[in-house]
1. For a quick check: with amide H placed at 1.01 Å from N, whose amide H comes under 5 Å from Ala184's, ignoring anything fewer than 5 positions away on the same chain?
2. Using modelled backbone amide H atoms (1.01 Å from N, in-plane), which distant-in-sequence or interchain residues come within less than 5 Å of Ile423's amide H?
3. From the residues Leu168, Val139, Tyr236, which one has its Cα farthest along the dipole of region 38-248 in the positive direction, the dipole being from +1 and -1 charges on Cβ of Lys/Arg and Asp/Glu about the Cα centre?
4. Local charge sum around Pro313 (other residues, Cβ-Cβ under 9 Å, Lys/Arg +1, Asp/Glu -1)?
5. Which GluC sites (Glu not before Pro) in region 138-231 sit in a loop by DSSP (not H, G, I, E or B) and have at most 16 other Cβ atoms within 10 Å of their own Cβ?
6. Amide H neighbours of Leu107 under 5 Å, counting only residues 5+ apart in sequence or on other chains, H built in-plane at 1.01 Å?
7. I need the peptides 328-335, 191-198 ranked by packing, meaning the mean over residues of other C-beta atoms within 10 angstrom, with the highest value on top.
8. What are the ³J(HN,Hα) couplings of region 252-258, residue after residue, when phi is run through the Karplus curve with 6.51, -1.76, 1.60 and θ = phi - 60°? Round to Hz, x for glycine and proline.
Amino acid sequence: MVVDTTMIHDPAGAYSSLSVVDAWRAMTHLDPPAPGVSQTIQCRGLDNALEIAEQGIFDRGAGDRRIVPSAGAIFPYSLLALVESKSPGAPLREWSLFRLGDSAEQLRRIAIPSDQLTTLAQELNTESPSDSICHLILVQRPWLSMRKYGPRGYLYASLDAAHASVSLLGTALSHGRESFIQLASASRIVRNFVSSNFPYHEFHSAVSFRTSHLFDEPGSFRLEYPRTVRDCRGDYEKIPWENIVEPLMGTTSRGAITPKRLVEVAACPKNPGLMSVWTDLSRRRHSARSFTGEPIPGESLGDLLAVMATALPVDIPNSMQEHPLVSVSLLLVDKTSCELDVPSVRTQFVPDGTGTEHFVRACMGQRHVGAAKAFLLFHANTNQLLGTGGDGHNIREALFRSGAAAHLAYLGAAQNHLGIFTIGGFVQTIWKDLAALPATEELLCLMAIGVEQSETRTRADRELRADAHGEA
């Protein structure tokens with residue numbers, strides 16, 4: 001993928017004014033880390049948060065890969081835990097914020113004034129005021145994806161964060177905890193908190209869950225100090241943030257926190273309760289590397305789609321009436337690949353004469369796409385998505401719905417022994433023609449499905465980790 005940077009705005013001319021000496025120092029000089037400081041406190045729910053985070057994001061599944069997918073294995077987000085805490089033996093309680101990592105050694109308490117954290121907790125506790133609730137907060141850092149994939153990296157970062165949010169929710173629910181996703185909580189107060197303490201990060205969502213009234217055992221936690229914009233070297237994050245992220249950032253209308261479908265597909269009565277097998281399916285979930293080209297059993301594909309009908313508790317509106325925000329289309333490669341009748345999924349066969357090379361070209365040269373037998377397309381009406389009809393845009397909610405439903409599709413594939421992966425580098429115009437979508441639709445996410453050939457074969461887009469799709 002060749003990234004066009006001609007429209008990137010550099011108002012200060014920061015990249016043309018460095019001398020050799022300045023450029024050398026910018027490249028080689030690092031500030032020493034702050035001295036290590038630890039504090040001993042008691043927390044309520046931190047142990048639960050760590051367990052859910054480990055099993056929901058950081059755990060390893062099939063092929064020793066993380067149980068959540070991420071374009072380029074970048075994982076462009078941070079996971080924070082907001083929990084109640086107190087000094088041992090003291091009656092006074094306050095809120096503490098922790099940064100979580102994939103090992104206990106990476107756990108850090110972030111040194112943020114207690115009044116800020118109290119305000120943040122009040123914003124997140126609006127729907128469920130309780131002194132026994134914890135929040136796992138996802139803040140995405142789009143730059144991590146954009147430095148590899150250019151402007152398209154913001155799309156990938158948003159979908160990746162949706163995968164992580166749903167995986168955390170399902171893990172918490174499977175543990176029997178009352179849990180829900182807060183996506184619409186991106187109020188001005190929450191956004192200002194994130195921007196003040198985590199420059200060039202964006203609040204994505206919070207997975208909130210109830211915990212015990214009892215406090216954990218006292219623990220000693222190292223402190224991490226918030227970064228400022230001055231800590232971010234140069235304008236490497238500022239320029240893509242101002243040119244891509246800020247114009248596309250938006251709020252989400254708040255709805256009741258009730259279980260609701262993310263996209264409209266027909267429910268299958270044979271589909272078992274997903275939460276009872278969530279952990280097992282998450283560990284089996286992986287992105288397929290190649291397909292055999294064999295036909296897909298129609299029953300298996302129907303059951304996969306049924307898993308996507310799982311209703312999840314989230315605070316977005318229930319938009320499944322006449323005009324759903326995100327629609328799903330199923331594109332079948334040939335009429336012998338499977339027999340399927342799912343009334344609420346728009347089904348289309350690819351045009352006669354469409355060969356393997358056509359699919360490869362439509363995916364920026366990713367040859368492992370060629371043997372897929374079905375494709376899932378998540379798409380939205382342009383006016384409804386971008387707000388070109390005069391209303392505010394719905395990009396944030398649409399990408400969440402697409403990424404969250406795609407995560408359910410991964411679990412459905414694991415449950416039905418099908419191969420599946422998300423295609424990042426898709427050419428929108430070609431796929432809209434293949435699926436006979438009108439020009440008024442925007443393609444948000446594309447997934448390929450087939451009978452998997454091998455889990456050990458190298459995927460065509462992973463030969464060099466630094467390369468983006470189609471780069472020479």
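1. Distant-sequence amide H within range of Ala184: Asp315.
2. Residues meeting the amide H criterion: Leu446, Met447, Ala448.
3. The listed residue farthest towards the positive side: Tyr236.
4. Cβ neighbours under 9 Å give a net charge of -1.
5. On the way: sites: Glu178, Glu202, Glu224; in loops: Glu178.
Qualifying residues, ordered by number: Glu178.
6. The answer is Gly101.
7. For the peptides 328-335, 191-198, the packing ranking is 328-335, 191-198.
8. Going residue by residue, I get 10, 4, 8, x, 5, 7, 9 Hz, with x marking Gly and Pro.
Values in this text are rule-based calculations from the coordinates and carry no lab data. Please read these numbers as outputs of a predicted model, since none were measured by experiment. Using ideal geometry, Cβ is built from the backbone for each residue, glycine included, and neighbour counts are taken over all protein chains shown.
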